Amino acid sequence: MKHLTIDGGEVRIRQSDAMSGGAVMAASFKMKKGLLQTQDTWAKDSGGSIHVRVQILQLSGRIVISNTTATYGGAIKTSWLLQKGGSISVSKSIAKQLRRKHLVHANAGALGVLGGLAQAEPGEIVIRHSFSEGDGGALSAPMIVTHGKLSIFDSLASGRGGGIKVESFIRDGYLARAKTWLGRHIADLQILGARRLDDARGIRGPSQQRIARITMLVGNTTFENCRAPTGGAISSKGTVKLGQVIFSNCSASSIRGGAAVFAKFAHLLHSFEARNCSTPKGGVLTATQELWMENATFRNCSSPQAAAPRMVTHRVVVTGLSEAALVGADRYVEALECDNGFEGYVDEYGTSCRRCANGYFQLQGGPKIVNGTIDGNLCVKVPQQTREASADKVRLRRGYMVEDSNISLSLHCPNEMACPGGRITTSGFSKMCETGYQGPGCVNCAQTHGRGSGDPFTCSRCATSTFRKAAEWTIYIFEQTVVFAISASGVIFAGEQSYESTIYSNQLMSYVMVSLPVLRQLQNSKSFKTMAFYVQEIIEAFSIPVDVANGIGSEGQSAECLLDYVGISKTLYGGDAIFLMLALSLMFLLSVMVDLWSAIVVAGNCYLPRLCFALGRHLACYRLHSEAHGQKLHCGFEKDVGMPMPVAIVLLGITFVGGAGSWLWLIRGEEHTSSPGVAYLTQPYKKECQSWEVTVLVRKVLLAVVCAVYPSSFNAVMQLQLIGTIVLVSLVMTMQNSPYVSEEHNRTEARLLILAMLMVLFTFCFHANEHSWTRTEGTQRSTLVFIVLLATGPAVVMSVRIVVALVREFMELYQEKNASQKTESDETDVT
């Protein structure tokens with residue numbers, strides 16, 4: 001057929017074959033509109049579906065080709081292909097050697113063009129699943145100019161050019177014909193205008209005197225999954241000029257490289273993007289003479305991304321996990337931007353970004369190299385206490401945090417539970433401190449929280465509702481007054497025979513000085529945090545009697561929040577001022593009701609340990625990192641007025657000596673024997689042990705100071721060691737002296753001290769097993785529950801005994817008063 005024109009309708013050809021042109025053979029072919037579809041065709045020589053000797057001109061319509069094979073041009077072979085509109089779709093085409101000892105070699109898996117291919121907008125060419133045993137997995141031509149849409153997917157070549165292979169020259173027989181053909185058909189492509197545009201952009205390329213070996217892909221071009229030994233997507237011995245083009249998953253297997261482009265000259269005029277392109281050694285973009293890039297982005301592509309003896313780049317961005325390198329002896333790199341985890345380098349061989357060395361990381365924004373100057377963050381050491389380190393994040397161990405001023409230095413948090421093990425990611429720092437904590441080591445409380453009254457390293461959320469604020473004030477006042485009221489009742493009853501409530505209250509306060517820090521340690525443990533929520537609530541409910549009897553302050557309570565509720569700034573001193581005002585008010589009330597010495601005795605019994613605890617907090621010193629790094633001790637807290645350690649020690653000594661000494665003075669001074677306060681101190685004890693109450697006071701003060709200097713959230717083991725030592729000494733002294741007049745009280749005191757010692761020992765075992773690889777959740781939880789019962793059970797029993805004793809004493813007092821009044825009435829009647 002000499003000339004073929006399709007001007008509408010549909011032409012479908014299936015399962016046909018020929019020597020050339022398996023479905024269509026013509027001298028020229030014009031596609032005006034309509035559909036030409038071929039399927040399952042092949043040709044021994046060329047043009048598995050269509051062979052046109054001179055030219056194919058497509059104005060509109062569709063050409064659809066699938067499952068076709070030939071030696072040259074697996075789907076189409078022609079001298080010239082001009083597309084002004086319409087679409088060409090080729091799928092599953094193969095170019096392979098079908099005839100042995102033949103001059104034609106396998107080439108052009110889909111389109112084989114001997115002269116040139118020109119495409120105008122809105123033309124479209126889509127090639128899928130093409131293969132060539134030689135060069136040009138999808139397309140082979142000496143000249144390609146596209147302004148429309150060109151898409152090549154899953155194309156493979158055994159030679160060069162997995163997507164496109166640009167032939168070395170236009171054959172002599174077609175050269176004269178090319179100039180006439182180009183002038184007549186593709187004036188609208190403005191090739192000369194594009195060349196002038198290149199000159200305006202300052203591209204320093206060779207002046208093209210011939211049309212041969214030119215590839216201009218100016219339109220919307222996509223290459224995906226294209227592979228070849230050299231030039232995974234494009235291979236050309238001439239000039240390649242690219243407009244808006246995307247390369248995805250393209251690769252070249254030889255050391256010459258060119259996963260995306262391998263050419264003599266390569267000019268990237270507009271935005272260029274390569275994704276997941278790789279080659280074993282050569283560049284993703286490789287030019288044997290010159291490479292020019294305007295705006296290029298490489299995502300997860302192998303290094304080097306570009307290689308050429310002469311290179312000019314404006315803005316290059318490299319992201320993902322791959323290193324960046326622009327290699328060339330004569331190069332001008334205006335800007336190279338790299339991803340996190342890399343460090344910039346400039347040397348005689350190239351401009352590059354290299355991955356941080358082992359033990360180093362960089363997540364604060366990748367380096368940027370501008371005109372040979374490296375700008376941006378350098379790689380820094382991974383923090384010492386790192387749990388996990390990768391290219392996109394660093395995760396710390398629980399109990400450690402870092403600051404942005406020195407992210408290589410991990411800071412130890414005094415309260416391990418305040419630091420969940422933060423993360424450093426490309427977006428910044430993530431949760432270095434738990435909610436409510438802030439500052440270095442997470443030792444400060446946020447604006448919405450206040451320091452715990454019983455542990456300065458814990459932060460409790462402040463209430464927001466008026467009802468909750470009033471309730472917290474009520475609870476605080478109740479906790480501070482109930483023990484004082486019980487002790488005051490002991491002074492009132494000191495002249496009577498019944499004083500069991502006083503003895504029981506003193507024994508309870510001594511016991512909870514041990515059980516409360518143990519409970520706080522358990523509540524800060526991992527095993528407690530993993531228990532069911534309702535179990536945690538039950539355990540905390542059992543702790544309420546212990547908190548009330550202690551008088552120092554419960555774990556979840558904050559005197560600082562109480563200050564905030566009334567518009568006073570939150571400080572530890574402010575919380576202590578509230579306590580002192582309340583204590584002095586109760587002392588004044590008792591001194592009016594009884595006498596001053598009784599008020600001093602009761603206040604010393606109830607509030608001296610609390611006052612020493614407040615001063616002892618200023619001796620709670622800690623390090624944010626190890627002593628080996630030369631870290632000095634930190635004492636006090638940033639948001640509070642600091643008290644020098646010598647001053648705190650002197651004040652603590654004066655307070656302790658003054659409180660205990662005043663009791664000794666009252667006991668040994670004969671002029672004060674009539675005071676109910678003195679009877680309160682001496683009445684329960686044997687004559688030779690009249691000063692035993694001072695010993696009990698010293699024990700309570702020492703336990704309070706230990707809990708202040710070594711809080712349970714900070715140094716639980718040291719706290720347990722000192723508490724165990726104090727309890728052991730007290731137990732030995734009690735067993736030797738049996739100080740109480742009543743043997744029942746001696747036995748009760750001994751039992752409580754033995755239970756306290758057991759509680760300390762089991763807590764030691766609990767901590768040891770907490771960090772052992774042999775631990776089991778069942779054993780830990782059973783041990784935890786047993787310790788909680790040891791801590792709260794005796795406190796509950798003693799609280800009940802106190803209530804019963806108080807009721808009995810009030811009943812006896814009431815009966816005695818009634819009997820006295822009746823006796824007086826009878827005597828009056830007799831008179």
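The values are calculated or read from the model by the stated rules, or taken from the named source; none is laboratory data. Predicted model only: the values in this text are computed from it and were never measured. So basically every Cβ, Gly included, is an ideal-geometry build from the backbone, and we count neighbours across all protein chains shown. Only protein heavy atoms, including side chains, enter the accessible area calculation; ligands, DNA and RNA are left aside. Shrake-Rupley method; radii C 1.70, N 1.55, O 1.52, S 1.80 Å.
So for segment 203-214 (the condition being assigned to a strand (DSSP E or B), within 27 Å of Arg128 (Cβ to Cβ), open to solvent by 60 Å² or more (accessible area, probe 1.4 Å) and at pLDDT below 90), does at least one residue qualify?
Checking segment 203-214: not a single residue is assigned to a strand (DSSP E or B), within 27 Å of Arg128 (Cβ to Cβ), open to solvent by 60 Å² or more (accessible area, probe 1.4 Å) and at pLDDT below 90.
So, in segment 604-613, exactly how many residues are among the hydrophobic types (A, V, I, L, M, F, W, C) and open to solvent by less than 10 Å² (accessible area, probe 1.4 Å)?
Summing the residues that are among the hydrophobic types (A, V, I, L, M, F, W, C) and open to solvent by less than 10 Å² (accessible area, probe 1.4 Å) in segment 604-613 gives 2.
Look at segment 34-77 and say how many of its residues are without any contact (Cβ under 8 Å) to a residue 60 or more places away in the chain, under 20 Å from Thr146 (Cβ atoms), of a type outside the set (Lys, Arg) and assigned to a strand (DSSP E or B).
Of the residues in that region, 7 qualify.
If I go through segment 376-405 residue by residue, how many of them are open to solvent by 80 Å² or more (accessible area, probe 1.4 Å), touching a residue at least 24 places away in the same chain (Cβ under 8 Å) and not basic (Lys, Arg)?
Within segment 376-405, residues that are open to solvent by 80 Å² or more (accessible area, probe 1.4 Å), touching a residue at least 24 places away in the same chain (Cβ under 8 Å) and not basic (Lys, Arg) number 4.
Can you tell me which condition Thr464 does not meet? The list is (1) open to solvent by less than 10 Å² (accessible area, probe 1.4 Å); (2) part of a loop (DSSP other than H, G, I, E, B), and all the others hold.
(1)
State all residues of segment 469-480 that are in contact with a Cys (Cβ under 9 Å, 6 or more places away or on another chain) and either surrounded by fewer than 18 Cβ atoms within 10 Å (Cβ to Cβ) or among the hydrophobic types (A, V, I, L, M, F, W, C) (or both); if no residue qualifies, say none.
Across segment 469-480, the qualifying residue is only Lys469.
In the set Ser782, Ser742, Ser712, which member is under 30 Å from Gly616 (Cα atoms) and small (Gly, Ala, Ser)?
Only one candidate qualifies: Ser712.
Please verify whether segment 492-501 includes one or more residues that are over 19 Å from Arg699 (Cβ atoms) and modelled with pLDDT of 75 or more.
For segment 492-501, residues over 19 Å from Arg699 (Cβ atoms) and modelled with pLDDT of 75 or more: present.
Taking the residues in segment 744-777 that are assigned to a helix (DSSP H, G or I) and basic (Lys, Arg) as candidates, determine which candidate is farthest from Glu416 (Cα to Cα).
Among residues in segment 744-777 that are assigned to a helix (DSSP H, G or I) and basic (Lys, Arg), the one farthest from Glu416 (Cα to Cα) is Arg747.
Look through segment 406-430, keep the residues that are over 27 Å from Ser569 (Cβ atoms) and assigned to a loop (DSSP other than H, G, I, E, B), and return whichever of them is most open to solvent (accessible area, probe 1.4 Å).
Ser427
Among the candidates Glu812, Glu743, which residue alone is of a type in the set (D, E, K, R) and in contact (Cβ under 8 Å) with a residue 24 or more places away in the chain?
Testing whether each residue is of a type in the set (D, E, K, R) and in contact (Cβ under 8 Å) with a residue 24 or more places away in the chain leaves just Glu812.
Which residues, counting only those in segment 439-461, are on the phi > 0 side of the Ramachandran plot and open to solvent by 10 Å² or more (accessible area, probe 1.4 Å)?
Within segment 439-461, Gly439 is the sole residue that qualifies.
Can we say Lys368 is of a type in the set (Lys, Arg), over 23 Å from Leu624 (Cα atoms) and over 14 Å from the mean Cα position of the chain (by Cα)?
Answer is yes for this residue.
Do we have Ser352 as buried (at least 16 other Cβ atoms within 10 Å of the Cβ) and not in a strand (DSSP E or B) here?
no
Might you let me know whether segment 778-789 holds any residue that is within 26 Å of Gln507 (Cβ to Cβ), touching a Ser or Thr at 6+ places or on another chain (Cβ under 7 Å) and assigned to a helix (DSSP H, G or I)?
Yes - at least one qualifying residue is present in segment 778-789.
Filter segment 356-373 down to residues that are buried (at least 16 other Cβ atoms within 10 Å of the Cβ), at pLDDT below 80 and under 15 Å from Ala325 (Cβ atoms), then give me how many there are.
Of the residues in that region, 2 qualify.
From Ser254, Ser271, grab the single residue that is in contact with a strand residue (DSSP E or B) (Cβ under 9 Å, 6 or more places away or on another chain), open to solvent by 10 Å² or more (accessible area, probe 1.4 Å), part of a strand (DSSP E or B) and of a type in the set (Gly, Ala, Ser).
Just one listed residue meets the conditions, Ser271.
Just to be sure, is Asp45 open to solvent by less than 30 Å² (accessible area, probe 1.4 Å) and closer than 23 Å to His129 by Cα?
For Asp45, the condition - open to solvent by less than 30 Å² (accessible area, probe 1.4 Å) and closer than 23 Å to His129 by Cα - is met.
Can you name the strands (runs of 3 or more DSSP E) wholly within segment 274-334 that have at least 3 residues being open to solvent by less than 10 Å² (accessible area, probe 1.4 Å) and of a type outside the set (Ser, Thr, Tyr)?
Passing ranges, in order: 285-299, 310-319.
Residue pairs, Cβ under 8 Å, 6 or more apart or interchain, first in segment 1-26 and among the basic types (Lys, Arg), second open to solvent by less than 30 Å² (accessible area, probe 1.4 Å). List them.
Close Cβ pairs satisfying both conditions: Lys2/Ala26; Lys2/Ala27; Lys2/Ser28; Arg12/Leu35; Arg12/Thr38; Arg14/Thr38; Arg14/Thr41.
Output yes when any residue across segment 682-690 is surrounded by 15 or more Cβ atoms within 10 Å (Cβ to Cβ), out of contact with any Cys (no Cβ under 9 Å at 6 or more places or on another chain) and within 28 Å of Ala418 (Cβ to Cβ), and no when none is.
No, every residue in segment 682-690 fails to be surrounded by 15 or more Cβ atoms within 10 Å (Cβ to Cβ), out of contact with any Cys (no Cβ under 9 Å at 6 or more places or on another chain) and within 28 Å of Ala418 (Cβ to Cβ).
For the subset of segment 710-743 comprising residues that are hydrophobic (A, V, I, L, M, F, W, C) and not in a helix (DSSP H, G or I), which member is most open to solvent (accessible area, probe 1.4 Å)?
Val741
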